[in-house]
1. Just to be sure I understand the model, the point goes 7 Å from the Cα along the line to the Cβ. What's the resulting D499 to I234 distance in nm?
2. By count of other Cβ within 10 Å, fewest leading, how are F35, F148 ordered?
3. Take L224, L376 and order them by how many other Cβ atoms sit within 10 Å, fewest up front.
4. Quick check: residue separation of D483 and V339 times 0.36 nm, minus the Cα distance between them. What number comes out in nm?
5. Subtracting the Cα-Cα distance from 0.36 nm times the residue separation, let me have the gained length for A256 to N328 in nm, one decimal.
6. Kindly put K454, K317, K442, K42 in sequence by how many other C-beta atoms sit within 10 Å of each C-beta, fewest to most.
Amino acid sequence: MLLILTLGLFPLGLVAILASLQNARENNAEQREEFAAQVQLKAQRINSAFSRSALIMQAASAAVALTGGKPEACRQTLARVNDGQPTYGRFALYGPGGAVACGSSGFTPPPLPGLSTARSSIDIGSNGDVLRLVSVDPAGLPAGYWEFSRLELAQVIGLRGAEAASDVVLTQDARRMVLSDEFEDGPLIQTLEASAPIAGGRLQLLVRTGAAPIRAAELLMILLPIFMWLAAGIIGWLILDRLLLRPLTRIQRAVAAYQPGDRSIALPTLATPAHELRQLGLAFDQVTRTVARHEAELEAAVERQTRLVREVHHRVKNNLQVVASLLNLHARGATSEDVAAAYASIQRRVDALAVVHRNHYAELEENRGVALRSLLSELGANLRATAPASAAHMQIRLDIEPFYTTQDVAVSVAFLITELVEFAMFCGSSSVAIALEGEGPKTARLSVEAESLKVGTACDERLFERFDRVITGLSRQLRSVMDRDTGRGRYALEIAVVDRADR
């Protein structure tokens, strides 16, 4: 979200930065123009000094010529011309015949050979230490000589203070006179350079100095939009986080803490002016109340269905018990033992179904299936109770682990145990051992061991064929294969289970 806000404000920040950069460029151009004007001003100062020196030499030379070259007249003339103004440089005036009439105190001008055909001139000394002005009269004789040193020219153009860190050079062809050599270039320094003609173009004034590439105010104007951009993004994020994201997070936590069965959501108090967020919280609360109401209706419907199923199983169990009682009554009133045995055989199977329904009815509360231990225990007791007189002393031993299974498997197992135990009763076995032990994660091994199951046991062949056919069919219903160990008299197969009671 912070990134989105920052990107959204980026165009505004970019426009402000570009405007600040344009302003900095304009200020830089103004700075260069101002520097060029300052160089022109320095050139004008030098030209003014040269013009004044030439005027002084012309006026004094004329006065000297009128007085016949008297030194006193020359000095008085210079005093009137100067009129109290400071004079830069050293000079000398020549009288008739080219002799020095007067000049600066203690100054002896250098010899000026070859001036008979010369004209007034201005040039830089060969070593670049002095600048010389030479004036001649119409006859070609020297009228005056003026000499400026580096320091004097620097005073003329005003090289002091902040302007000390500059390079100021007078050039004339290949000759150079360095008035200042203070400037040092650097990576964070902008170089300003300008030139101006002096003495009608016979000299050039070159000035080079350094300046900050960007001033503090300009830097502030450039950085200010960036700071404003970042501040706008951060402030926007803080406002968004405080008024939107945090309330949404609190609502999300309250919704996440909701558990099935809760009647409502414990919504927090939202300190936000966003009406939509409060409405969102109320909408979640309304949804949870609707879900709770629907869950209550479903629970009531499930309860009604459970009671109905329980009632159905109860009625089926009762009906099976009534049928078993009727069969028992008919067995007692039978006219022959075969008829009584047939009634008893049917009764045992009906009892097996009743036992399954009774155990399934008992486990409806937990909905884990039919408990095989209680089922086989009750079935064994019923089989002993309905055993014929010839098998009245037959024992049924149980070794059953506490497994649960489905009703379909329980019915098949009950019929299978009934068939095996009844076959053992009719074939004279003294005992039957029934065992159930775990085989895999969802399977258990059911085994029945009796003497009548051994090979070579004397028993009715038709009874054995019927028994074998029924056992084979029941094993198919259980989706298993019967393992017949006739040497030990043991039948075993795997059955599907759904849970274990001790888990």
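What follows draws every value from the coordinates through simple rules; no lab data is involved. Everything numeric here is computed off the predicted structure, so don't read it as measured data. Glycine gets a Cβ as well: all are built from the backbone with ideal geometry, and neighbour counts include every protein chain shown.
1. 6.0
2. Sorted ascending by nearby Cβ count, the order is F35, F148.
3. If I rank by nearby Cβ atoms, fewest first, I get L224, L376.
4. Fully extending the segment from D483 to V339 adds 48.5 nm.
5. The span from A256 to N328 would gain 19.7 nm if fully extended.
6. Final ranking by Cβ density, sparse to dense: K442, K454, K317, K42.
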